[in-house]
1. Could you grab the pairs with beta carbons closer than 7 Å, sequence gap of 6+ or different chains, first residue in segment 49-68 and closer than 18 Å to His2 by Cα, second one open to solvent by less than 60 Å² (accessible area, probe 1.4 Å) and not in a loop (DSSP other than H, G, I, E, B)?
2. Just for segment 39-60: of the residues that are surrounded by 15 or more Cβ atoms within 10 Å (Cβ to Cβ) and among the hydrophobic types (A, V, I, L, M, F, W, C), which one is nearest to Val74 (Cα to Cα)?
Amino acid sequence: MHRLHKMGFTTSKSYSSLFIQKVLKGPVRILLYIDDLAITSPDLAEIDQVKSQLLDAFEMKDLRDVHYFLEVEVTPPPPNNILIFQRHCVMKCCTNLA
């Protein structure tokens with residue numbers, strides 16, 4: 001967290017694992033959960049810059065586009081939107097009930 005604050009991110013008042021950096025083309029958001037993180041921004045160049053700074057500070061892997069995060073399915077429909085589904089989690093629960 002200290003590294004993110006040094007990079008200009010602030011902690012969300014409503015969710016302590018969400019970090020936001022205000023930039024000209026729209027905010028960069030990092031959602032952090034234990035050792036996983038998801039980075040979003042309307043500007044791909046900003047995402048690349050943040051990833052580069054994080055790679056300089058930490059050993060990490062870039063798994064590219066997110067498909068699942070915390071058992072939530074993430075699907076990017078056009079244009080520039082994101083849909084999230086909990087279908088995977090529901091199906092897993094229903095299978096365990098049968």
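The values are calculated or read from the model by the stated rules, or taken from the named source; none is laboratory data. These figures come from a predicted structure and were not determined experimentally. Every residue, glycine among them, receives a Cβ derived from its backbone with ideal geometry; neighbour counts consider all protein chains shown. Areas reflect the complete protein model, heavy atoms only, side chains present, ligands, DNA and RNA absent. Shrake-Rupley method; radii C 1.70, N 1.55, O 1.52, S 1.80 Å.
1. From residues that are closer than 18 Å to His2 by Cα, the pairs are Val50/Val28; Val50/Ile39; Lys51/Ile39; Met60/Leu54.
2. So, considering only residues that are surrounded by 15 or more Cβ atoms within 10 Å (Cβ to Cβ) and among the hydrophobic types (A, V, I, L, M, F, W, C), the one nearest to Val74 (Cα to Cα) is Ile39.
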